[in-house]
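The values are calculated or read from the model by the stated rules, or taken from the named source; none is laboratory data. Just so it is clear, the model here is predicted, and its values are computed rather than measured. Cβ atoms come from the backbone with ideal geometry, glycine included; neighbour counts cover every protein chain shown.
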Amino acid sequence: MRDILQQCRSTQLVIEFMTPLIDTHAHLDSDQFDGIRATILEQTQQAGIQQMISIGCSWGSSQKCLYLANRFDQIFASVGIHPNYTSDAEPGHWDRIVEMAKHPKAVALGETGLDRYWDFCPIELQRDYFDRHIRLSQQTDLPFVVHMRDCEDDILEMLTEAYERGGPLRGVMHSFTGDPNMAQACLEMGMYISFAGMVTFKKNDALRDVAADIPLDRILVETDCPYLSPHPLRSKRPNQPAYMVHTAQCVADAKEMALDRFASQTIANTYRLFSKMTVLN
Ligand SMILES: [Zn+2]
């Protein structure tokens with residue numbers, strides 16, 4: 001695969017043979033891409049990444065994601081307030097997120113969820129914002145993007161409450177690192193499960209086993225760039241959408257499937273979940 005990528009960078013001719021993929025979770029607004037964003041987007045295209053969803057973490061970052069979506073056909077935006085940024089949110093910010101969600105290229109809500117690992121923001125405030133995203137999803141039918149770190153019980157409790165209130169949920173557990181029981185519980189409530197670079201790390205056999213068992217019509221892949229580049233590019237920083245093929249290949253291997261078949265299935269899943277996305281001509 002690495003050979004193909006290298007070849008691809010040296011000649012335009014092989015591009016049409018690249019496996020098309022969509023990066024469903026990229027923080028393209030990150031300042032780590034400032035000054036190199038044009039190059040990153042060019043490499044993305046050369047690597048076969050057809051489209052990307054740029055994920056907002058605050059009002060300002062969501063606005064930047066929408067700006068990028070306006071500027072580039074292949075970029076879509078998710079708007080929301082990340083659990084670790086909830087303390088920074090000012091009173092009017094949530095109303096602006098609600099407004100921004102109406103934009104034709106705002107295809108999802110989030111990144112939302114809960115995080116007890118960093119403990120930057122009081123958990124009650126995180127729960128309040130997570131609840132707002134879920135309720136807005138239930139009102140608008142836009143999917144919500146869930147970040148989960150060291151808080152599986154809280155997440156499960158809140159998702160179950162929402163499920164019992166409004167029926168099947170429309171969302172994705174992003175960069176999933178939970179166990180099979182957590183995956184199963186989320187799937188039963190309608191959620192999709194997405195894997196990022198961590199699934200490629202050598203020690204993560206258990207996570208690859210989880211990925212292997214996710215039904216084919218509920219699985220997604222992403223980079224979560226600029227964070228955590230996949231193996232064998234772990235030392236490369238920042239991570240970027242062009243590296244996603246390694247994650248896709250790893251999950252396809254875990255599922256004992258050909259990469260192209262797995263990739264086209266993830267694209268179909270992406271359009272089903274993020275139904276406001278339009279196919280690039
Ligand atoms: Zn993220």
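Does the range 119-135 contain any residue that is crowded, with 22+ Cβ neighbours inside 10 Å, within 16 Å of the ligand (Cβ to nearest atom) and under 21 Å from residue 223 (Cα atoms)?
no
Are there any strands (runs of 3 or more DSSP E) wholly within the range 136-246 with 2 or more residues that are in contact with a Gly (Cβ under 9 Å, 6 or more places away or on another chain), within 14 Å of the ligand (Cβ to nearest atom) and at pLDDT 95 or above, and if so which?
Details: elements: 144-149, 171-173, 192-195, 219-221.
Fully inside the range 136-246 and qualifying: 144-149, 171-173.
Can you name the number of the only condition in (1) in a helix (DSSP H, G or I); (2) crowded, with 18+ Cβ neighbours inside 10 Å that residue 42 fails?
(2)
Specify the residue that is nearest to residue 241 (Cα to Cα); the eligible residues are those in the range 54-104 that are within 16 Å of the ligand (Cβ to nearest atom) and among the hydroxyl-bearing types (Ser, Thr, Tyr).
54
Of the residues in the range 4-37, how many are surrounded by 19 or more Cβ atoms within 10 Å (Cβ to Cβ), modelled with pLDDT of 95 or more and assigned to a helix (DSSP H, G or I)?
1
Name the pairs whose Cβ atoms lie under 7 Å apart, with the first residue in the range 177-193 and among the polar types (S, T, N, Q), the second assigned to a helix (DSSP H, G or I), and 6 or more positions between them or separate chains?
If the second residue must be assigned to a helix (DSSP H, G or I), the pairs left are 177/198; 177/207.
For the range 180-239, give me the residue count where each residue is of a type in the set (Ser, Thr, Tyr) and farther than 21 Å from residue 22 by Cβ.
First, the residues of the range 180-239 that are of a type in the set (Ser, Thr, Tyr): 192, 194, 200, 223, 227, 229, 235.
From what's left, farther than 21 Å from residue 22 by Cβ: 235.
Within the range 180-239, residues that are of a type in the set (Ser, Thr, Tyr) and farther than 21 Å from residue 22 by Cβ number 1.
Would you check which residues across the range 156-184 are of a type in the set (Phe, Trp, Tyr) and closer than 28 Å to residue 201 by Cα and list them? Lay out the reasoning, then the answer.
First, pick out the residues of the range 156-184 that are of a type in the set (Phe, Trp, Tyr): 163, 176.
Passing the criteria: only 176.
Test each condition in (1) farther than 27 Å from residue 163 by Cα; (2) crowded, with 23+ Cβ neighbours inside 10 Å for residue 224 and report the one that comes out false.
Status for residue 224: all satisfied but (1).
Among the residues of the range 48-72 satisfying the criterion of being part of a strand (DSSP E or B) and either free of Cβ contacts under 8 Å to residues at least 24 places away in the same chain or crowded, with 24+ Cβ neighbours inside 10 Å (or both), which is farthest from the chain's Cα centre (by Cα)?
Taking the range 48-72 first, the residues part of a strand (DSSP E or B) are 49-55.
Okay, now just the ones that are also either free of Cβ contacts under 8 Å to residues at least 24 places away in the same chain or crowded, with 24+ Cβ neighbours inside 10 Å (or both), so 49, 51-55.
Details: 49: 14, 51: 12, 52: 9, 53: 7, 54: 8, 55: 7 Å.
Ranking the qualifying residues of the range 48-72, first place goes to 49.
Could you list, in sequence order, all residues of the range 166-202 that are closer than 16 Å to residue 247 by Cβ and either out of contact with any strand residue (DSSP E or B) (no Cβ under 7 Å at 6 or more places or on another chain) or of a type in the set (A, V, I, L, M) (or both)? Even if it seems obvious, please write down each step before you answer.
Taking the range 166-202 as the starting set, the residues that turn out to be closer than 16 Å to residue 247 by Cβ are 172-177, 192-202.
Once the filter is applied, which keeps residues that are closer than 16 Å to residue 247 by Cβ and either out of contact with any strand residue (DSSP E or B) (no Cβ under 7 Å at 6 or more places or on another chain) or of a type in the set (A, V, I, L, M) (or both), the range 166-202 yields 172, 173, 177, 193, 196, 197, 198, 199, 200, 201, 202.
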